[in-house]
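Comments concern the structure below.
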């Protein structure tokens with residue numbers, strides 16, 4: 001049996017915060033075992049976090065003709081974790097006009113990540 | 001209907017809900033489900049939705065809606081549901097007073113003061129943040145010191161950035177969320193400082209807000225002085241000893257132009273006090289029965305105005321109960337009065353509701369005073385008999401404990417008082433009296 005390396009993660013799926021462990025074979029990098037989860041989502045998160053960590057990115061973009069100056073947006077699906085700051089920077093130059101509906105795509109395939117940025121609320125025109 | 005003018009309103013309602021955040025909106029819908037016909041929600045902002053509108057991050061709604069939503073998404077769902085049920089919502093409006101005959105003195109921007117009659121009231125005013133003054137941080141009083149929620153509002157609704165380099169005092173969830181938010185806006189976060197030896201926020205927020213961005217968390221450390229004449233230019237921080245006294249010989253300086261304080265919330269109960277409702281000195285919210293009724297008939301309360309909740313899903317659940325009870329009150333169908341008083345005992349700071357009935361099922365929310373590992377929650381009767389016990393994996397003051405009580409548990413109990421203790425497991429007795437799933 002080859003040596004194994006154990007990686008530790010804390011699940012962000014819900015407030016329970018399960019402590020997750022992923023055993024990896026040092027040579028083949030194959031995942032041998034996942035422990036510590038209390039639900040299916042926890043196991044999926046451990047595998048995802050170990051191989052390709054991702055986060056839902058939330059920020060705002062400028063909006064004209066609305067009651068507020070900013071429209072809240074998020075990544076439609078989780079985006080690569082290390083792209084969060086770059087995505088927010090890219091969205092700083094985006095400007096939209098009301099009306100906007102919740103779920104409207106504000107930017108598609110942001111920075112070539114394959115992830116769409118969508119509005120998280122309606123904002124009517126004033 | 002949404003309006004900002006009292007001229008579009010009826011002169012009398014079955015239920016008036018004060019506050020249009022998640023608690024108020026949910027309560028209104030539940031009141032209707034219980035049989036109330038004419039319901040009004042009053043909100044002081046230009047739109048209902050409450051604090052969720054500025055909480056643009058995700059992580060809400062897993063319990064309530066079965067999926068993870070951002071604050072605005074949760075708020076919009078709650079508001080749409082309210083409007084679909086044909087409930088009136090008046091915005092830019094403020095309840096000045098509610099008198100003994102339950103006449104609501106309403107102030108609107110467009111029409112001034114008007115009086116509305118109502119048969120029941122739900123208080124859902126939420127909470128406000130503690131400020132720098134609450135912890136008396138020494139130093140000058142320059143610009144650049146914000147509560148975390150104010151900075152959140154400025155950034156997320158107005159697009160105004162508070163500064164360029166920040167220090168955050170307090171590791172509650174709002175402080176952690178804002179640390180990440182500042183980083184995403186290219187505002188450097190020099191560190192998060194926490195007086196207590198443990199973080200006050202959820203572990204998942206330590207991971208996704210601090211560790212993801214390499215923001216240092218300094219435990220048992222606090223800000224001892226704020227410097228700067230017109231604008232903050234520096235803070236002095238120092239570790240504290242076991243009795244929270246700063247060790248000034250180990251202090252150091254941090255250059256920054258912004259300080260965010262995230263040091264807790266206080267239920268907003270000016271109206272409740274005006275109405276002479278009795279408040280719990282620990283929660284600073286109204287005393288409530290198991291139907292969320294306050295110490296005045298027909299007046300109910302829910303959400304952060306009663307006690308500070310960890311997550312909005314629990315607010316919604318509590319609001320459903322309060323609103324439903326208000327509707328039942330209007331229909332003359334409120335359940336019989338409670339017959340057991342709950343008392344916070346060993347290591348329990350408070351519990352809500354303050355009374356329960358042995359005839360019905362309840363969810364009791366409580367907070368512990370100290371952190372414990374494996375421990376036992378027990379209900380103890382007047383002659384020290386243990387009526388019920390449940391093992392818990394851990395308790396933590398920042399995490400509310402939800403205790404589900406079924407009538408069967410209390411069947412053998414005939415007293416009028418129950419004390420709730422949370423003690424280390426070694427000290428507990430009769431652990432096998434009954435065990436239930438932890439509700440998360």
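Restricting attention to region B:401-432, the residues that are in contact with a helix residue (DSSP H, G or I) (Cβ under 9 Å, 6 or more places away or on another chain), crowded, with 16+ Cβ neighbours inside 10 Å and at pLDDT below 90 total 1.
A residue that is in a helix (DSSP H, G or I) and farther than 21 Å from residue B:153 by Cβ occurs somewhere in region B:188-203.
Among all positions in region B:135-151, there is no residue which is crowded, with 19+ Cβ neighbours inside 10 Å and facing chain A (nearest Cβ under 10 Å).
Collect the residues in region B:104-114 that are over 19 Å from residue B:293 (Cβ atoms) and not in a loop (DSSP other than H, G, I, E, B), keeping them in residue-number order.
First, the residues of region B:104-114 that are over 19 Å from residue B:293 (Cβ atoms): B:105-114.
Passing the criteria: B:105, B:106, B:107, B:108, B:112, B:113, B:114.
The residues of region B:153-181 that are surrounded by 24 or more Cβ atoms within 10 Å (Cβ to Cβ), away from every other protein chain (no Cβ under 11 Å) and under 23 Å from residue A:90 (Cα atoms), listed by number, are B:166, B:178, B:179. Taking region B:115-169 and the strands (runs of 3 or more DSSP E) fully enclosed by it, the elements with 2 or more residues that are farther than 20 Å from residue B:190 by Cα are at B:127-129.
Quick one: would you say residue B:97 is more than 14 Å from chain A (Cβ to nearest Cβ), in a strand (DSSP E or B), more than 20 Å from residue B:157 (Cβ to Cβ) and touching a strand residue (DSSP E or B) at 6+ places or on another chain (Cβ under 9 Å)?
On the way: more than 14 Å from chain A (Cβ to nearest Cβ): yes; in a strand (DSSP E or B): yes; more than 20 Å from residue B:157 (Cβ to Cβ): yes; touching a strand residue (DSSP E or B) at 6+ places or on another chain (Cβ under 9 Å): yes.
Yes: the conditions hold for residue B:97.
Only a single item in (1) more than 30 Å from residue B:393 (Cα to Cα); (2) assigned to a loop (DSSP other than H, G, I, E, B); (3) within 14 Å of chain B (Cβ to nearest Cβ) is not met by residue A:38, and it is number (1).
Of all the criteria given as (1) buried (at least 19 other Cβ atoms within 10 Å of the Cβ); (2) within 21 Å of the chain's Cα centre (by Cα); (3) closer than 30 Å to residue B:47 by Cα, the one not satisfied by residue B:200 is (3). Residues of region B:294-311 that are surrounded by fewer than 22 Cβ atoms within 10 Å (Cβ to Cβ) and within 14 Å of chain A (Cβ to nearest Cβ): B:310, B:311. Here residue B:241 meets the list (1) touching a strand residue (DSSP E or B) at 6+ places or on another chain (Cβ under 6 Å); (2) surrounded by fewer than 15 Cβ atoms within 10 Å (Cβ to Cβ) almost entirely, failing just condition (1). Considered as a group, the residues in region B:26-58 that are within 12 Å of chain A (Cβ to nearest Cβ) and without any contact (Cβ under 8 Å) to a residue 60 or more places away in the chain include one that is surrounded by the fewest Cβ atoms within 10 Å (Cβ to Cβ), and that residue is B:46.
When region A:63-92 is limited to residues that are more than 9 Å from chain B (Cβ to nearest Cβ) and part of a loop (DSSP other than H, G, I, E, B), the one that is nearest to residue B:49 (Cα to Cα) turns out to be A:66.
Yes/no matrix, rows are residues, columns are (1) touching a helix residue (DSSP H, G or I) at 6+ places or on another chain (Cβ under 9 Å); (2) surrounded by fewer than 19 Cβ atoms within 10 Å (Cβ to Cβ); (3) modelled with pLDDT of 95 or more:
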{"position": "A:19", "(1), (2), (3)": "yes, yes, no"}
{"position": "A:37", "(1), (2), (3)": "yes, no, no"}
{"position": "A:58", "(1), (2), (3)": "yes, no, yes"}
{"position": "A:64", "(1), (2), (3)": "no, yes, yes"}
{"position": "A:90", "(1), (2), (3)": "yes, yes, yes"}
{"position": "A:94", "(1), (2), (3)": "no, yes, yes"}
{"position": "A:104", "(1), (2), (3)": "no, yes, yes"}
{"position": "A:107", "(1), (2), (3)": "yes, yes, yes"}
{"position": "A:110", "(1), (2), (3)": "yes, no, yes"}
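The values are calculated or read from the model by the stated rules, or taken from the named source; none is laboratory data. A quick note: this is a predicted structure, and the numbers were derived from the prediction, not measured. FYI the Cβ positions are ideal-geometry reconstructions off the backbone, even for glycines, and counts take in every protein chain you see.
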